[in-house]
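The values are calculated or read from the model by the stated rules, or taken from the named source; none is laboratory data. None of the values given here were measured: they were computed from a predicted structure. Positions of Cβ are generated from backbone atoms using ideal geometry, with glycine treated the same way; all protein chains shown enter the neighbour counts.
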Amino acid sequence: MIEFSEHYYSDDPNDGHPDVKTFLKNVSYFFIGNGSVQAAVQYSPGGEGSPLGLLIMDPEKLKPKRGALTLDREAGIAKTMLSLIIDGKSDDYRYRDIYVAWDKTRDFPVIKACWRYGKLLVEERFYCKDMTSPEIIREITIINKHIEKMKFSVLTGLLNLDIKKDVEIAPYDIFELELLYTLAAEKNEVSLDIAGKKRPLTEQLDYWSRTAKITTGSDLLDHYFRSSSIQLGSVISNKGKVDASIWQYNREWVRDHSFMVLGLLMAGHHEKAYTVLDRLLAEFVTDDGACQDSSEFRTPDEVELDQNGLLLYTLKKYVLWTDDIKIISKHWDKIYAVAEFPLKNVFRHQPSGMFYNRREYWERHKAYGIDAGLELAYQFFNVLGLQAAAFLARKMSRDEEAVRWLEFSETLKNSMLKDEKYNFVDERGFIKRRSPDSSIQETINIREEADLPEGIPLKRDIEHFLNPDSSCVYPIVYGLEPPDSEIASATMNSMEELWNQDWEIGGYGRYNFTSEADSSGPWPIASLFIARAYLDIGDYDKVWRVLDWLNTVPGSLSGSWFECYCDRISPPYAQLGIIPWTWAEMIMLFVNHILGIRPEEDGIHFSPVILPKLSRINSSIRIGSRKMQMDIKTDSCIVTPCFQCNIPFTKISEREIVLPYSKNDIIVEAIIPVKE
């Protein structure tokens, strides 16, 4: 049985300097990294914690925020701030207006901070020294706008170390200083020195030139995609390790990491995608195909059965996006086991042939009141997964397995959608869960053994409903259910119950808040895959509502959103963390749904959508060793899309074409009707 100690953490945000807190007022964290080092620039203008400071972590060691190697329990990251000392008086950002943003003038990830002291303009830039060294560069530029010479000292530091530089600067002249932070992983410490000779930035420029580029004419949307691509690509360690919620769980999931891989592929981080997948198959899958969640292997009753299907689907997408099958041949035995694992009798519900146990998609289990039952997500992801397994088997010339898995996938799909008693559809569209006797599991009740804190909705004296649940939109998002169907329409109508449920700040909850085992509040992850479904059904106002909402919450400035926005009870629950899966969801919204790029077995499917308020999108996407360059624009005078390409293509519907996989770059132009 899952022990409740697994859900509990001792990290008290009120113990120590305010900088140990993750959720500071109006905070944004800007993440950079190269696999050997990970850093975050904290921008906290709300009066809590250091207004601008540097957190450096070892990406191979997952820790809470207070475990950052530049953070002191009592002083926080105050020593990393930059101060100017003039006439014996010290001044820093604490009393200044600061502008912090991603530096759009650089073609690789750079964080820029600007502030003033009188007529001294201070600019700071943070970035990785290269793509391999555990080193962070901090550029400091001070411009003298005075009409007279200025004398002052520049002071910053690190824990017990101070670096002070005396400066004399002529009118309208510039002072420059570069600092070098070096992570010594074996010593679990960071050193700070004045940087030596500058080295060329060729390595960074070359790497980031291969990643996806999308410009929409909207500063907000361009910021969302670029910041998501930068940060998702920056938090993966050289060994493929990444916290499923940075500073929160210090744990890993096959599910979360699989979604991250999908985002990495679409953003052009193909090598990082391989590293994560290779590690998942080597370390997170047993020889009989069980997958880890929360860095643990479970008993059959508590297995998250969607993970097997999602991992197989992700492997198929890896092959299609990269044209690389080495990982399949290297790990074929594990892949075979992953496909076979859910087919075991212990998971099979005999009347329907579908899968069941006592764990649900969002990880509640028996103690939360989850009875044995059939979960929609467990059927759906294995429909996709077994289709994918058949594709992978054909790549390995394993035709017998391919036929068997494909047949089972079709049977499972038909049962999920059409079984007379056990299908997952009613007047609300897709429903979440059925009991073994076919009745819909509508409510849960917490059990005595659930040692949960007071104040959570699941412990209130109310009914605790399971429906609606945001995971019910997955069949629409991944193309199993046509977006123009009555089922899709009813499902999305049900999702509106999840908006502003027990709060007033906007955003969708992950499920009906009455059965929330944590604090209730909106989830960016759930909001984004609901937005993906709305885009497919053509309700663009709802898409914009999500995108605009994400710009109102802490983290929007950097594009690094918290898991949810709520009054987290910490401890015993962990402090809120930054979820890499959210970056992947944002990338998938852009690539799969706005650009409409979906590599499939028969070719590269292309069906772009330009949201209202936009008129043109330019993009470059990496597929295999080639790039696909797209120029998409609207025209109010046409009613059906027009396509032109430098290679032949097949038009399969009014708005969708299929391009063959090419050894050369693909250049395609599309003119589409204006969206109302």
task: Being in a strand (DSSP E or B) and out of contact with any Cys (no Cβ under 9 Å at 6 or more places or on another chain) is the filter here, so list the residues in the stretch 114-129 that pass it.
output: Cys114, Trp115, Arg116, Tyr117, Leu120, Arg125, Phe126, Tyr127, Cys128
Strands (runs of 3 or more DSSP E) wholly inside the stretch 587-676 that include at least 3 residues being of a type in the set (A, V, I, L, M) and not assigned by TED's automatic domain parsing to the domain that holds Arg532: 616-623, 626-635, 656-659, 666-673
- request: Could you name every one of the helices (runs of 4 or more DSSP H) located completely within the stretch 241-336 that has at least 3 residues being of a type in the set (Gly, Ala, Ser)?
  value: 254-267
- prompt: Scanning the stretch 45-81 for residues that are of a type in the set (A, V, I, L, M) and touching an Asp or Glu at 6+ places or on another chain (Cβ under 7 Å), which turns out surrounded by the fewest Cβ atoms within 10 Å (Cβ to Cβ)?
  reply: Met81
statement: Condition set among the polar types (S, T, N, Q) and touching a residue at least 24 places away in the same chain (Cβ under 8 Å), scope the stretch 626-646, selection nearest to Leu611 (Cα to Cα): answer is Thr634
- prompt: Is there a residue being crowded, with 21+ Cβ neighbours inside 10 Å, in the same structural domain as Met416 (by TED's automatic domain parsing) and without any contact (Cβ under 8 Å) to a residue 40 or more places away in the chain anywhere in the stretch 465-474?
  reply: no
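A quick yes/no check of all residues on (1) closer than 25 Å to Tyr99 by Cα; (2) of a type outside the set (A, V, I, L, M):
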{"position": "Trp503", "(1), (2)": "no, yes"}
{"position": "Ser520", "(1), (2)": "no, yes"}
{"position": "Ala526", "(1), (2)": "no, no"}
{"position": "Phe529", "(1), (2)": "no, yes"}
{"position": "Ile537", "(1), (2)": "no, no"}
{"position": "Trp544", "(1), (2)": "no, yes"}
{"position": "Val553", "(1), (2)": "yes, no"}
{"position": "Cys564", "(1), (2)": "no, yes"}
{"position": "Ser570", "(1), (2)": "no, yes"}
- request: State yes or no: is Tyr378 over 30 Å from Asp567 (Cα atoms), buried (at least 22 other Cβ atoms within 10 Å of the Cβ), among the aromatic types (Phe, Trp, Tyr) and modelled with pLDDT of 95 or more?
  value: yes
field: Subset tally (residues that are acidic (Asp, Glu) and either over 20 Å from Ser133 (Cβ atoms) or buried (at least 23 other Cβ atoms within 10 Å of the Cβ) (or both)) for the stretch 203-235
entry: 2
- request: Take the stretch 458-474 and flag every residue that is in contact with a Ser or Thr (Cβ under 8 Å, 6 or more places away or on another chain) and either part of a loop (DSSP other than H, G, I, E, B) or farther than 26 Å from Tyr8 by Cα (or both).
  value: Arg460, Ile462, Glu463, His464, Leu466, Asn467, Pro468, Cys472, Val473
message: On the basis of being part of a strand (DSSP E or B) and either under 18 Å from Ala101 (Cβ atoms) or assigned by TED's automatic domain parsing to the domain that holds Asp87 (or both), does Asp166 make the cut?
response: yes
field: Looking only at the stretch 257-295, and only at residues there that are charged (D, E, K, R) and in contact with a Lys or Arg (Cβ under 8 Å, 6 or more places away or on another chain), the one that is surrounded by the fewest Cβ atoms within 10 Å (Cβ to Cβ)
entry: Asp287
message: I'm trying to understand the selection: among the residues of the stretch 335-360, which are among the hydrophobic types (A, V, I, L, M, F, W, C) and surrounded by 17 or more Cβ atoms within 10 Å (Cβ to Cβ)?
response: Ile335, Ala337, Val338, Ala339, Phe341, Leu343, Phe347, Met354, Phe355
Residues located in the stretch 45-76, provided they are β-branched (Val, Ile, Thr) and part of a loop (DSSP other than H, G, I, E, B): Thr70
- prompt: Within the stretch 528-539, is even one residue acidic (Asp, Glu) and assigned to a loop (DSSP other than H, G, I, E, B)?
  reply: yes
query: Within the stretch 215-237, can one find any residue that is assigned to a loop (DSSP other than H, G, I, E, B) and either without any contact (Cβ under 8 Å) to a residue 12 or more places away in the chain or assigned by TED's automatic domain parsing to the domain that holds Ser620 (or both)?
result: no
- request: Could you look through the stretch 423-432, keep only residues that are farther than 23 Å from Gly521 by Cβ and either in contact (Cβ under 8 Å) with a residue 60 or more places away in the chain or of a type in the set (Asp, Glu) (or both), and pick out the one that is surrounded by the most Cβ atoms within 10 Å (Cβ to Cβ)?
  value: Phe430
query: Can you spot a residue in the stretch 16-27 that is in a loop (DSSP other than H, G, I, E, B), farther than 16 Å from Tyr573 by Cα and small (Gly, Ala, Ser)?
result: yes
- prompt: Which numbered condition trips up Thr132, out of (1) part of a loop (DSSP other than H, G, I, E, B); (2) among the polar types (S, T, N, Q); (3) more than 30 Å from Ser234 (Cα to Cα)?
  reply: (3)
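Yes/no per residue for (1) closer than 17 Å to Gly289 by Cα; (2) surrounded by fewer than 24 Cβ atoms within 10 Å (Cβ to Cβ); (3) assigned by TED's automatic domain parsing to the domain that holds Phe513:
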position: Asp306; (1), (2), (3): yes, no, yes
position: Thr314; (1), (2), (3): yes, no, yes
position: Asp333; (1), (2), (3): yes, yes, yes
position: Ala372; (1), (2), (3): no, yes, yes
position: Val383; (1), (2), (3): yes, no, yes
position: Ala389; (1), (2), (3): yes, no, yes
position: Leu406; (1), (2), (3): no, yes, yes
position: Asn414; (1), (2), (3): no, yes, yes
position: Glu420; (1), (2), (3): no, yes, yes
task: Report, ordered by the first and then the second residue, all pairs with beta carbons closer than 7 Å, sequence separation of six or more or different chains, a first member in the stretch 277-304 that is over 19 Å from Tyr378 (Cα atoms) and of a type in the set (Ser, Thr, Tyr), and a second member that is modelled with pLDDT of 95 or more and surrounded by 21 or more Cβ atoms within 10 Å (Cβ to Cβ).
output: Ser295/Glu252
message: So, Gly455, is that one part of a loop (DSSP other than H, G, I, E, B) and crowded, with 18+ Cβ neighbours inside 10 Å or not?
response: no
- request: Select from the stretch 28-44 the residues that are in a loop (DSSP other than H, G, I, E, B) and in contact with a Pro (Cβ under 6 Å, 6 or more places away or on another chain) and write down the one among them that is surrounded by the fewest Cβ atoms within 10 Å (Cβ to Cβ).
  value: Ser36
query: Among the residues of the stretch 338-369, which ones are hydroxyl-bearing (Ser, Thr, Tyr) and either outside the structural domain of Asn423 (by TED's automatic domain parsing) or not in a loop (DSSP other than H, G, I, E, B) (or both)?
result: Tyr368
